[in-house]
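Report on the structure given below.
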Amino acid sequence: MDYTNIFYVLASVLFILGIKNLSHPKSARNGNFMAFIGMMIAIAVTLISYQSLDYKIIAIGIIIGSIIGSLFALRVEMTQMPQMVAIFNGFGGAASALVAAAEFLKLGDINSFTVITIVLSVFIGTLTLTGSFIAFGKLQGFVSGQPIIFPGQQLINAILATTLLIIGIYLVQTPTEINYFYAIILISATIGITLTIPIGGADMPVVISLLNSYSGIAAASTGFVLMNNALIISGALVGASGLILTNIMCKGMNRSLTNVIFGAVGLEQESSGDGTAKQINIKSYSTEEAAMIFDAAEKVIVVPGYGLAVAQAQHAVREVAEFLENKGKKILYAIHPVAGRMPGHMNVLLAEANIPYEQLKDLDEINSEFEDCDVAIVLGANDVVNPAARHDTSSPIYGMPILDVDKSRTVIINKRTMNTGFAGIQNELFGFDNSIMVFGDAKDMLQQLLKDLKEL
């Protein structure tokens with residue numbers, strides 16, 4: 001009796017349970033462990049079931065991969081996590097494409113179904129590889145975060161897609177034509193680049209989740225090439241969860257997926273009809289003055305953003321929150337779905353500082369709380385708190401659901417500079433009568449704020 005598929009089913013159950021547990025921070029660690037065990041079972045069964053394998057080469061590959069993964073895990077800062085995720089998505093796509101390519105090159109007489117699955121795997125995997133590296137370059141600053149557009153761009157994409165389809169049909173009919181196969185690889189790589197470079201920094205969270213989905217679909221396609229049930233199931237799970245997450249992110253930005261891919265958000269927009277930016281008058285306060293405002297408050301809402309991540313200020317904000325809580329004040333955290341540079345960025349950051357999950361409220365839960373909030377402190381967030389999203393039809397973020405921090409009695413905003421966010425526009429919140437600015441690095445500011453609070 002062949003027990004291979006039985007163990008694959010067991011691995012798949014662990015994958016599903018792992019994903020389910022990842023939905024809540026308290027169970028996320030267990031979920032990650034379950035998925036790890038499931039993957040180890042799938043790998044072990046696959047290695048045992050295949051004959052004539054060179055286990056020395058496999059062991060060397062595992063050792064090298066483990067070393068590289070460990071170095072990434074230990075050395076990559078939390079602020080660089082989106083870049084690492086983008087790279088890993090690319091590597092996942094590349095692995096699928098390489099396996100499919102190897103099968104194509106070694107097989108002699110090959111049926112049409114296998115050729116179709118190989119073409120799909122190579123196309124999606126190669127597209128994921130080049131698209132992920134472009135996303136990495138934009139996030140890291142190697143490539144401009146602004147959309148890169150040129151005349152006839154969408155026409156070129158259409159021509160490339162049509163050419164790919166025609167060559168793919170020819171390859172299915174004549175699988176011995178190796179040049180067709182190489183042409184598919186080249187065109188797929190080009191499409192990955194041309195689809196990603198027009199996407200601006202404002203859309204990077206969506207792009208990352210979409211590329212994650214692509215890597216899963218590529219893996220599932222490769223599973224059909226190898227007729228490996230574990231790879232089909234795990235790839236389908238990654239692809240489906242990635243698409244669901246992408247949909248959630250799009251809703252968080254009030255955008256359609258097609259608009260994200262083809263809309264070129266991130267270009268600098270004119271803030272007024274005459275092409276001149278509206279003058280914003282800000283009120284700059286010291287941490288001592290901010291401390292007195294906090295001392296008089298009863299309810300405080302913390303709004304974390306990318307500035308918090310850059311400064312690695314999650315522990316500092318927890319210390320300030322704990323001090324205020326000990327004085328009887330209510331503390332909540334407002335989490336926007338696209339705050340930061342990747343899905344769940346703020347949740348992970350705050351969980352690292354052991355901030356109770358019960359205090360973390362998503363956009364729908366928290367917005368009603370701002371109306372009776374004494375102080376909302378915005379730490380490095382920009383576009384997700386910009387009231388222009390509600391009324392300025394000319395704004396690139398118009399219609400995007402935002403955190404209603406402007407409805408608080410007092411809004412304390414911490415920024416290092418007056419630079420714009422990913423969308424490249426001014427935040428009119430900074431000039432509101434109930435808004436004050438406390439400039440500086442978030443970590444340094446919070447540490448000084450805590451000292452000033454203790455001295456009151």
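Here, each number is a calculation from the coordinates, and none is a lab measurement. Just so it is clear, the structure is predicted and the values come from calculations on it, not from any experiment. When we count neighbours, we look across all protein chains shown, and the Cβ atoms used for this are built from the backbone with ideal geometry, even at glycine.
Which value results when the Cα radius of gyration for region 287-455 is divided by 2.2 N^0.38 Å?
On the way: Rg = 14.6 Å, N = 169, 2.2 N^0.38 = 15.5 Å.
In units of the globular-protein estimate, region 287-455 measures up at 0.94.
When the Kirkwood radius is taken over all Cα pairs of the chain, what Stokes-Einstein diffusion coefficient follows at 37 °C and 0.692 mPa s, in µm²/s?
On the way: Rh = 24.2 Å.
So the translational diffusion coefficient is about 136 µm²/s.
Using the eigenvalues of the Cα gyration tensor, what equivalent ellipsoid semi-axes result for region 76-262 when each is taken as the square root of five times the eigenvalue, whole Å, largest first?
28, 19, 14
If r is the Cβ-Cβ distance from SER368 to ASN326 and R0 is 22 Å, what FRET efficiency results, to the nearest 0.05?
Calculated transfer efficiency: 0.25.
Among HIS24, HIS315, HIS345, which comes first, second and so on when ranked by fewest other beta-carbon atoms within 10 Å?
Starting with the residue having the fewest Cβ neighbours, the order is HIS24, HIS315, HIS345.
Return MET40, MET204 ranked ascending by Cβ neighbour count within 10 Å, so the fewest neighbours appear first.
Working: MET40 12, MET204 23.
Ordered from fewest to most neighbouring Cβ atoms within 10 Å, MET40, MET204 come out as MET40, MET204.
Quick one: plug the Kirkwood hydrodynamic radius of region 1-79 (C-alpha pairs) into Stokes-Einstein at 4 °C, 1.567 mPa s, and report D in µm²/s.
The estimated diffusion coefficient comes to 89 µm²/s.
Three principal axis extents, largest first, for the C-alpha atoms of region 35-155, in Å?
Here the spans come out as 50, 42, 23 Å, largest first.
Under the definition of Cα pairs under 8 Å and six or more residues apart, what whole-number percent is the relative contact order of the chain?
Once divided by the residue count of the chain, the mean separation gives 14 percent.
Could you name the lysines whose alpha carbon sits less than 25 Å from that of LYS106, not counting residues in the same chain fewer than 8 places away?
Correct list for LYS106: LYS56.
For region 368-429 and region 435-451, compute the distance between their C-alpha centroids and round to whole Å.
Using only Cα atoms to place each centre, the spacing works out to 18 Å.
List, in the order given, every pair from LYS283/LYS407; LYS26/LYS329; LYS26/LYS299; LYS251/LYS329 whose Cα-Cα distance in the structure shown is over 28 Å.
LYS251/LYS329
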